[in-house]
Every structure is written in structure tokens, then in C-alpha cells.
Amino acid sequence: MGTIEIPLFPLRTVLFPDGHLPLRIFEQRYLSMVRECARNDSCFGVCLIVEGEEAIAPVRTAGIGTLANIVDWYTLEDGLLGVSAQGADRFRVEHTRRQDDGLMLASVHLLPEPPASVLPESFSVLGQVLARFLDKLGPDYAPVTAELLDDATWVGYRLSELLPLSAIEKQNLLELNDPFERLQDLLDILPRYQSA
């Protein structure tokens with residue numbers, strides 16, 4: 001896969017492929033970015049902020065992020081722009097630069113996903129936990145099919161997204177290329193959420 005240039009939206013959260021990301025847009029650079037993405041039916045990149053405070057100075061982001069597609073926009077109660085975005089492909093940041101308005105642009109290399117794999121029996125408990133999570137969530141994750149709950153990559157991404165993990169833990173799970181390694185890490189993490 002080749003290198004493309006995209007606008008980056010550094011955040012203190014991690015977006016996973018097929019994940020849901022609600023955003024509250026108020027800075028002019030991001031309003032312009034959303035307008036351009038909507039006009040051109042293009043995407044932007046979401047990367048975790050690993051150092052710095054964006055409102056004060058440039059930040060350092062994680063080297064792996066996720067493309068985001070705008071799926072809806074609306075006016076929030078406070079009059080600001082609300083955007084619903086959905087995660088697409090993962091990418092590796094090759095190079096960044098800043099526009100005059102402060103918007104970060106990145107040359108990124110899209111990362112291939114492994115072929116679809118059936119959730120192995122040894123990880124079936126993760127599919128069951130995820131099914132219970134999804135029953136409690138709204139329409140952002142509907143419709144969830146039996147095929148999705150049996151897809152090793154999809155189950156790993158959804159649990160990584162929905163479990164109350166630290167941002168760095170989520171980033172580490174995003175960066176894994178092997179869905180079975182991600183599932184094993186999640187299986188190792190799961191006991192911390194079991195009641196005593």
C-alpha cells in the first residue's frame with residue numbers, strides 16, 4: 001500500500017477500525033478540516049496524544065493511528081458542531097507537518113489487516129463478554145451479526161475499544177498486527193474486571 005497525506009486529529013483517545021467516535025468540534029482548524037472532509041468525502045486520521053497539550057503547543061502523537069470517516073454531523077445543545085466518525089484502516093505515520101492554521105498533516109502508510117479469521121474456541125469467552133457489552137450499547141454498534149461475533153479481528157478491536165483500559169493499553173492493542181495476539185492480551189486483562 002502506498003503513502004497518502006491526511007489531516008490528523010490528535011486526541012487523548014484511541015480509535016479502532018469500525019469503532020465509533022463522537023467528536024465536539026470547536027477549533028477553527030478542525031471545523032475547516034471537517035468541512036473539507038465532508039465536501040470531498042475524504043477521511044482524517046486519529047492519533048493518540050502521547051506527549052504535550054495541544055491547546056498550548058504542538059504535541060507528539062503515537063506512530064500508529066486510524067483513519068476516520070465522518071458518518072454524521074449535527075448541532076450540539078451548546079451550539080457547537082457534533083460529529084460522529086467511524087474508524088477505518090490503521091496507518092503508520094511517516095512524516096508530519098503543520099499548516100499555518102495549526103492543523104497537522106501527515107504522510108501515512110496504510111497497514112494491511114490480516115484475512116478474516118474465525119474466533120477460536122479458546123477465546124470464545126471474549127465473544128460472550130462482547131455480546132453482553134453490545135446488548136447495552138446504542139445503535140452505533142447495530143446491527144451486530146453472529147458472523148461479527150465470530151470474527152477474531154472484530155471481536156478484538158471491539159473489546160479493546162469498550163473495556164475501561166488506559167489510553168496506552170488501548171494504543172498497544174491497536175498496534176498489534178496479529179488478531180490472536182490481541183485476543184490473548186485481552187484474555188490476560190479480563191480477570192481484572194471479574195468480581196471477587
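The values are calculated or read from the model by the stated rules, or taken from the named source; none is laboratory data. Predicted model only: the values in this text are computed from it and were never measured. Here the Cβ positions follow ideal geometry from the backbone for every residue, glycine too, while neighbour counts run over all protein chains shown. These area figures cover heavy atoms from the full protein model, side chains too; ligands, DNA and RNA do not enter into them. Shrake-Rupley method; radii C 1.70, N 1.55, O 1.52, S 1.80 Å.
How large a share of the accessible area of the range 89-129, in percent, is made up of carbon and sulfur atoms when the probe is 1.4 Å and the other protein chains stay in place? It is 53 percent, rounded to a whole number. Solvent-accessible area assigned to carbon and sulfur over the range 11-65 amounts to 50 percent, based on a 1.4 Å probe.
For the range 32-105, the per residue solvent-accessible surface stands at 54 Å², with DNA, RNA and ligands left out and a 1.4 Å probe.
Please list, in order, the residues from the range 1-40 whose amide nitrogen is less than 18 Å from a point placed 7 Å along the Cα→Cβ vector of Tyr74. Inside the label zone: 20-26. Between the residues Pro143, Leu105, Val71, the greatest Cα displacement towards the positive end of the dipole of the range 43-196, with unit charges on the Cβ of Lys, Arg, Asp and Glu, is found for Leu105. Taking Thr3, Thr96 and ordering them by how much accessible surface each has at a 1.4 Å probe, largest first, produces Thr3, Thr96.
With a ≥ b ≥ c taken as the square roots of the eigenvalues of the C-alpha gyration tensor of the range 64-143, please select rounded if a/c is under 1.5 and otherwise prolate if a/b is larger than b/c or oblate if it is not? Verdict is oblate for the range 64-143. For the range 136-196, the alpha-carbon radius of gyration amounts to 1.16 times the rule-of-thumb value 2.2 N^0.38 Å expected for a compact globular protein.
With contacts taken as Cα pairs under 8 Å and at least 6 residues apart, the chain reaches a relative contact order of 23 percent. Pairs of Cα atoms nearer than 8 Å and 6+ residues apart set the relative contact order; for the range 1-87 it is 37 percent. Over the C-alpha atoms of the chain, the Rg to Rh ratio, Rh being the Kirkwood estimate, stands at 0.98. Net charge near Leu105, counting Lys/Arg +1 and Asp/Glu -1 over other residues with Cβ under 13 Å of its Cβ? So the environment of Leu105 carries a net charge of -2.
Along each principal axis, taking the top coordinate minus the bottom one, the Cα set of the range 72-119 gives 44, 32, 12 Å in descending order. Taking one quarter of the surface of the C-alpha convex hull of the range 14-119 gives a mean projected area of 8.2 nm².
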